[in-house]
Amino acid sequence: MSNAIVQLEHVTQRFAWRGKAVQAVNDVSLSIAEGEIVCLVGESGCGKTTTGKIVAGLLKPTEGRVVFEGKDVWAMSPEEFKHYRRAVQIVHQDPYSSLNPVRTIYKTLSAPLLRHGFARDNREALAKIRELLEIVGLTPPAEFINKYPHQLSGGQRQRVSVARALTVNPRFIVADEAVSMVDVSIRLSLLNMLTGLKEQMGVTFLFITHDLALAKYFVWEGRIGVMYLGQLVEISPTPDLIEHPSHQYTQALLSAIPEADPNLTRNKERIKLRSLDVPSLLNLPAGCTFHPRCPSYKEGLCDRVAPAPLEVTKEHFAVCHLATQSRAVQAGTM
Amino acid sequence: MPREREQLTKSCEILSVEDLWVEYRSPRGTVKAVRGVSFDLHKEETLALIGESGSGKTTLGMALIRMTPKSGSVPRGRIIYRRDGEMYDVLGLDKEALRKFHWQECAMVFQSSLNAFNPVLRIWDHFHDTARAHGRVSQQALRERAMHLFKLVQLDPERVIDAFPHELSGGMRQRVLLALGLLLDPQILLLDEPTTALDILTQRTVIDLLRRLREELGFSLIFVSHDLSLAAELANRVATMYAGKIVELGDVHDIFYRPRHPYTLGLIKAVPTVTGAFRELASIPGSPPDLVDLPSGCKFQERCPFADERCRKEEPELEGMGANHSVACFKWRQVSLEKEAAHA
Amino acid sequence: MRDIATFIKLMARNRVGFVGLIVLILLLLMTFVGPYFVPLDTQTKIDEIYQPPSTKHILGTDHQGRDIFSQIVNGGGELLYVAFLTALLSTFIAVTLGSLTGFLGGKLDSMVMWFTDIWLTLPRFPILLVLAGFVKLNAPFVLALLLAALAWPGLTRAVRSQVLSLKQRDYVEAALSLALGTRHIVFAEILPNMMNYIAICFTLAMTQAIYDQVGLVMLGLVPFASNNWGVMINLAWVRGAIFYKDSLWYILSPIAVIVLFQLALVSLTRSLEEVFNPRLRTGH
């Protein structure tokens with residue numbers, strides 16, 4: 001994609017764990033266009049958070065390139081790298097650890113403003129902070145400026161985290177489970193605030209979540225990528241992914257998710273997995289990593305050969321041998 | 001509810017909570033965590049207690065089995081438990097009777113399945129200790145019973161029974177806890193956030209398992225959760241909690257398709273579905289009230305689009321309306337009109 | 001003024017800590033203001049040897065008939081001064097080194113940790129004894145420097161492990177992402193979160209320094225330049241004070257005051273946590 005703001009090219013991340021190598025992210029390639037909104041979903045340990053950190057420049061991948069505006073991030077000059085770091089901000093999951101407990105909201109927000117010259121003195125910083133608090137919906141700002149994080153609710157803290165990310169005029173925000181620890185009734189207004197940022201300020205989003213329902217709502221006009229054991233196994237525009245999931249894992253996920261609608265959830269078609277156990281990252285299965293659990297795996301193929309990404313329909317990729325068979329025809333006619 | 005009907009249903013109620021209050025001392029004042037809750041649990045039904053953080057749902061769950069922490073107290077209320085024609089107040093049990101009650105009548109399975117185990121004891125030791133504490137000591141019979149339960153919860157008995165807790169995955173531990181809870185054949189199983197820490201595919205297994213076990217073994221299930229979809233999936237009846245009170249109680253279909261309380265309606269409108277049609281969602285404005293310093297009148301009134309003068313002054317009580325559906329709201333007629341309008 | 005009021009209010013939240021604070025203040029007043037009112041009794045009075053406590057001699061008299069209370073009042077100044085100086089120096093080294101190595105990691109970290117490990121395996125008091133034989137320990141500062149040199153490795157390790165844990169917090173990652181710089185992250189984000197920990201390290205370093213000094217003086221390895229609690233114990237010991245019933249006050253008084261001081265310091269740490277916690281500071 002020519003107007004890509006961030007690209008991951010064959011990114012792999014390994015960690016040492018008790019003398020063994022854990023492959024947290026395995027050959028992930030992803031290109032995110034300016035103004036786009038992409039969501040990574042997957043279960044815990046699938047590598048989605050690590051991928052988010054790699055995108056934000058907080059982790060250097062073991063292999064592969066991270067490209068920001070056409071430049072390899074880890075080959076940048078210190079000055080360029082700093083610029084990139086600031087342009088890509090991250091909003092964390094836990095509202096109780098994302099703000100420094102001993103610093104007031106004013107201190108938290110003024111530090112980046114003053115440091116990077118977005119405000120020349122405290123007066124300018126204060127004006128700017130008021131503006132930011134309004135944007136994230138903490139009104140009236142005066143009520144929040146001198147508070148400590150523990151004096152705010154979880155939802156309000158997450159809003160401060162977003163305001164902090166906005167201090168440096170980012171072009172890209174990685175939202176790592178940013179709303180999953182917030183109560184249901186408040187979650188939505190937070191999401192709507194984030195959507196507003198995208199529309200008003202043109203911020204590009206990488207939204208990371210384990211909640212497919214939330215992903216569907218938030219990125220209906222974007223793309224969803226499904227991760228399993230460190231691999232990006234399927235990525236597609238949201239409506240197509242939800243309606244025509246191609247990877248067996250995505251299908252299993254969609255069929256397994258309980259829905260907040262009794263008739264819908266009780267009449268869902270169930271896909272029965274062959275195994276309930278998730279393989280260890282220390283010892284990944286050969287071939288397709290999902291094959292030990294896959295309900296329709298083909299012996300001799302799935303357990304031997306790792307599948308290659310296949311464009312099932314336009315912009316809809318799946319890394320699955322069976323996707324080739326079930327929808328290859330459609331792909332051919334596109 | 002008409003009088004005759006009440007007489008009829010009484011026989012199959014195994015637990016009746018009457019005007020239960022739970023309070024905590026805190027440096028800031030008294031936290032009124034549960035305020036006058038009443039409900040019945042029927043034989044072989046699944047009841048979901050749904051609410052957000054601070055709604056009092058977990059406090060209520062703990063109070064049902066007298067596990068309220070030291071800083072808490074139960075100033076008022078009765079918890080009537082029935083079995084084989086006998087009945088007694090759980091709040092009046094002495095220590096020994098309470099211990100018996102905990103496993104033989106009402107077993108609980110907690111949220112964090114790792115912390116529930118002693119890390120240096122094997123799974124078998126946990127079963128053995130529990131059984132011995134209740135007088136069953138025939139090793140052979142116990143082992144057979146444990147093996148049988150493991151099979152029921154879809155675990156490989158040989159592999160699990162001599163394992164240490166850390167050797168099992170989160171989903172497996174959750175299932176072991178379920179088996180342990182069922183060891184003494186309780187009438188009631190109480191679960192606190194049974195699937196919260198689990199992955200989606202594991203969640204699914206636990207849900208299906210719970211449903212099957214309940215049907216096969218015929219116990220009653222109460223679970224506490226913030227997750228609406230779990231209630232939709234598993235419950236026969238749902239109780240919505242807000243600021244320490246049950247604000248709506250009814251059949252799962254009534255709650256989801258014909259909610260009468262604006263808070264229940266708000267929750268349902270705020271939660272998206274995956275495979276359902278894409279629809280616009282709406283959030284509930286504001287945030288839950290401070291349990292130390294509660295506002296006057298209805299506790300939801302500040303966030304409620306229907307609130308009027310009366311709601312600000314008077315707190316509505318839970319009142320029955322038609323079969324098995326009750327709500328604590330003065331404006332429930334308007335709420336149901338709104339819901340129908342949204343459908344049309 | 002308001003800060004002092006809040007400070008006292010917070011200290012008062014923990015009863016043990018508050019009692020510690022009061023005892024500490026009283027002892028400090030006695031040690032640093034007391035000498036102006038109770039001059040050191042240096043005159044030998046043959047007829048008043050080993051007197052039990054009385055209105056004239058609150059704690060009795062020693063082997064030369066001198067007032068013990070006056071010796072206690074006058075015997076703490078230098079000891080506490082050196083202890084304070086030692087704690088200051090070692091905490092400063094520990095915080096600087098511990099936070100830098102903890103935060104930056106890498107080669108510097110491995111090297112410093114390797115060094116502290118070796119340092120920690122050396123038996124501390126015997127080394128002190130040997131060093132005391134070489135270095136003339138009559139200047140308080142030199143003594144403090146020596147004690148601090150032995151105290152810092154343990155503290156550095158403690159500080160480093162705290163930094164390692166705080167480094168994992170999301171707000172530190174956010175600060176990295178905002179390119180706020182290492183200095184800001186260490187001094188504005190991480191260290192303020194461990195002020196209570198540092199304060200506790202400080203007080204514990206002080207108690208250790210007091211014991212080290214008393215031990216050195218008692219063994220006679222530091223010249224008796226002035227009167228101090230350690231010297232008192234040494235003299236009482238040498239004069240066989242433990243063998244006579246009447247002289248018990250002589251040896252027990254300095255021991256008691258040292259123990260009291262240490263107890264006050266240690267219990268004070270209980271309250272320090274509350275003082276540095278913003279959740280409690282703002283009273284919500």
Checklist entry - Binned at 5 Å from 0, what are the whole-percent values of the Cα-Cα distance distribution for the range A:171-234, short to long? => result 4, 15, 29, 27, 16, 8, 2, 0
Checklist outcome for this item: Cross-link reach from A:Lys314 to lysines, straight Cα distance under 20 Å and at least 8 residues apart if same chain, gives A:Lys216
Item to check | Nitroxide proxy distance, nm - points 7 Å out along Cα→Cβ at A:Ser44 and C:Ile49 | outcome: 7.7
Checklist outcome for this item: The residues C:Trp249, C:Trp229, sorted from fewest to most surrounding Cβ atoms within 10 Å, come out as C:Trp249, C:Trp229
Item to check | Under 12 Å from the Cα of A:Lys272 - aspartates and glutamates, other chains or at least 8 residues apart | outcome: B:Asp208
Checklist entry - In nm, to one decimal, how far is the A:Lys298 label point from the C:Ile255 one, both placed 7 Å along Cα→Cβ? => result 8.8
Next on the checklist: I'd like the per residue volume of the convex hull spanned by the Cα atoms of the range A:182-334, given in cubic angstrom.
Outcome noted: 145
Item to check | Pairwise FRET efficiency - C:Ser161 versus A:Met76, Cβ, R0 = 35 Å, nearest 0.05 | outcome: 0.55
Next on the checklist: Cut-off is 10 Å between beta-carbons; in what order do B:Thr68, C:Thr156, C:Thr44, B:Thr264 appear when sorted fewest neighbours first?
Outcome noted: C:Thr44, B:Thr68, B:Thr264, C:Thr156
Item to check | Largest to smallest principal axis extent of the C-alpha atoms in chain A, angstrom | outcome: 69, 52, 46
Checklist entry - Hey, rough spin-label estimate for B:Ser53 and C:Phe92, points 7 angstrom out along Cα→Cβ, what's it come to in nanometres? => result 4.3
Checklist outcome for this item: Of every Cα-Cα pair in the range B:234-286, the percentage lying beyond 14 Å is 57
Checklist entry - Peptide A:188-199: average number of partner chain Cβ atoms within 10 Å per residue? => result 2
Checklist entry - What does the highest-first list of C:28-35, A:270-277, B:206-213, A:163-170 look like by mean Cβ count within 10 Å? => result A:163-170, B:206-213, C:28-35, A:270-277
Checklist outcome for this item: Excluding near-sequence neighbours (fewer than 8 apart on one chain), chain B holds lysine pairs with C-alpha atoms under 16 Å apart numbering 14
Checklist entry - Using alpha carbons only, what's the Rg to Rh ratio of the range A:159-208 with Rh from Kirkwood? => result 0.94
Item to check | Helix A:154-166 vs. chain A, principal-axis angle (Cα, 0 to 90°, nearest 10) | outcome: 80
Checklist entry - Among all the aspartates and glutamates, which ones have a C-alpha under 13 Å from A:Lys53's C-alpha, if same-chain residues fewer than 8 places away are not counted? => result A:Asp176, A:Glu177, C:Asp170, C:Glu173
Next on the checklist: Among A:24-31, B:331-338, how do they line up by average Cβ neighbours within 10 Å per residue, starting with the highest?
Outcome noted: A:24-31, B:331-338
Checklist entry - What average number of partner chain Cβ atoms lie no more than 10 Å from the Cβ of the residues making up C:69-77? => result 0
Next on the checklist: Counting other C-beta atoms within 10 Å, and keeping those with at most 14, which DSSP coil trypsin sites (Lys or Arg not before Pro) do you find in the range A:5-73?
Outcome noted: A:Arg18
Checklist outcome for this item: FRET efficiency for C:Ala12 and C:Phe187 from the Cβ-Cβ distance with R0 = 35 Å, rounded to 0.05, comes out at 0.70
Item to check | Backbone N under 19 Å from the A:His83 label point (7 Å along Cα→Cβ), restricted to the range A:35-55 | outcome: A:35
Checklist entry - In bins 5 Å wide, starting from 0, what share of all Cα pairs of chain C does each bin hold, as a percent? => result 1, 5, 10, 13, 14, 14, 13, 10, 8, 5, 3, 2, 1, 1, 0, 0
Item to check | Alpha-carbon radius of gyration plus Dmax, which is the widest Cα pair, for the protein assembly as shown in Å | outcome: 34.1, 120
Item to check | As computed over the range B:192-291, the Cα convex hull volume per residue (Å³) | outcome: 130
Item to check | Per-residue ³J(HN,Hα) for the range B:264-278, Karplus 6.51 cos²θ - 1.76 cosθ + 1.60, θ = phi - 60°, Hz, x for Gly and Pro | outcome: 4, 4, x, 4, 5, 6, 8, 9, x, 10, 8, 8, x, 5, 5
Next on the checklist: Counting other C-beta atoms within 10 Å, and keeping those with at most 14, which DSSP coil trypsin sites (Lys or Arg not before Pro) do you find in the range B:56-88?
Outcome noted: B:Lys70
Next on the checklist: I'd like to verify something in chain C: which complete DSSP H helices, judged by Cα projection on the helix axis, reach 30 Å or more and average at least 0.5 on the Kyte-Doolittle scale?
Outcome noted: C:77-104, C:140-167, C:195-218, C:248-276
Next on the checklist: Inside 10 Å of the C-beta atoms of A:119-130, what's the mean count of C-beta atoms belonging to other chains?
Outcome noted: 0
Checklist entry - Pairing the Cα long axis of helix A:321-333 with the longest principal axis of chain A, what angle in degrees results, from 0 to 90 and rounded to the nearest 10? => result 80
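Readers should treat all values here as calculations from the given coordinates under stated rules, not as data from a laboratory. Keep in mind that this is a model prediction, so the values were computed, not measured. Note that we place each Cβ from the backbone using ideal geometry, even for glycine, and neighbour counts take in every protein chain shown.
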